[in-house]
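Notes for the one structure printed next.
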């Protein structure tokens, strides 16, 4: 067992491997913020891994080197160094975030303040324009058009996911952000028709738990248009329908359901149909405003 008795690093290749592993571990900690995990969870996993590797090495020495080879033992020690570095960096960043220092990952620590203090410290709670602008920037890869220059109400062009009956379809999704966004879920609806068990054919309302009941402030518009809506179209839930005909057809005659979905895509889910649906909606809004003005003037007389 020459690892501890003679030379801790047997060759230059092992030395390079150790440096690479530690470097990867260091840079990996810079991206842990995107996982929205707690420091405690990250540190606990790393400590458990270190303990497991140390246990393997101890058993290896107690059994006179019969558990693993010399190379495997060296790799285990390198792994311990890398994991220890991860723990050290996470602990330091957690400490600096609590002290208010720059570079701390404040969004990963469990907030100790009251919900009211947390609300007041959030930039979206102080200024809705900040939050809406942030969402608008995130949606730069999508075709977004504002409604009456209102950044809290807009249309998003949405394409049906590939390898589904909805593939090739184009829909305009109406999005309205409440004043309490992101603590309150946005309101979304399909402007042009779609045949789906969980989408109302007439109003375009969407039955989706993650938007209606289980919404979290950690979600954003990218989640809706890249995950939630595509998943809803791929895996409809006929047991909680807004369109009873589509739900019944899906459960009893899946092939007929797929054919009708494709028929709706060809008839109502074209670029022209999507644009026409939004134009019609804007005309209806203008007619309502004119009728309201007329009724006010009649009351004044």
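Filter the stretch 250-276 for residues that are assigned to a helix (DSSP H, G or I), crowded, with 17+ Cβ neighbours inside 10 Å and touching a strand residue (DSSP E or B) at 6+ places or on another chain (Cβ under 6 Å) and give the result.
274
So is residue 178 within 21 Å of the chain's Cα centre (by Cα), exposed (fewer than 14 other Cβ atoms within 10 Å of the Cβ) and either at pLDDT below 90 or outside the structural domain of residue 219 (by the TED database) (or both) or not?
no
Kindly list the number of the only condition in (1) closer than 20 Å to residue 263 by Cα; (2) over 15 Å from the mean Cα position of the chain (by Cα); (3) surrounded by fewer than 21 Cβ atoms within 10 Å (Cβ to Cβ) that fails for residue 199.
Just one mismatch for residue 199, condition (3).
The values are calculated or read from the model by the stated rules, or taken from the named source; none is laboratory data. Since this is a predicted model, take the numbers as computed values, not measurements. Quick reminder, even Gly has a Cβ in these numbers, built from the backbone with ideal geometry, and neighbours come from all protein chains shown.
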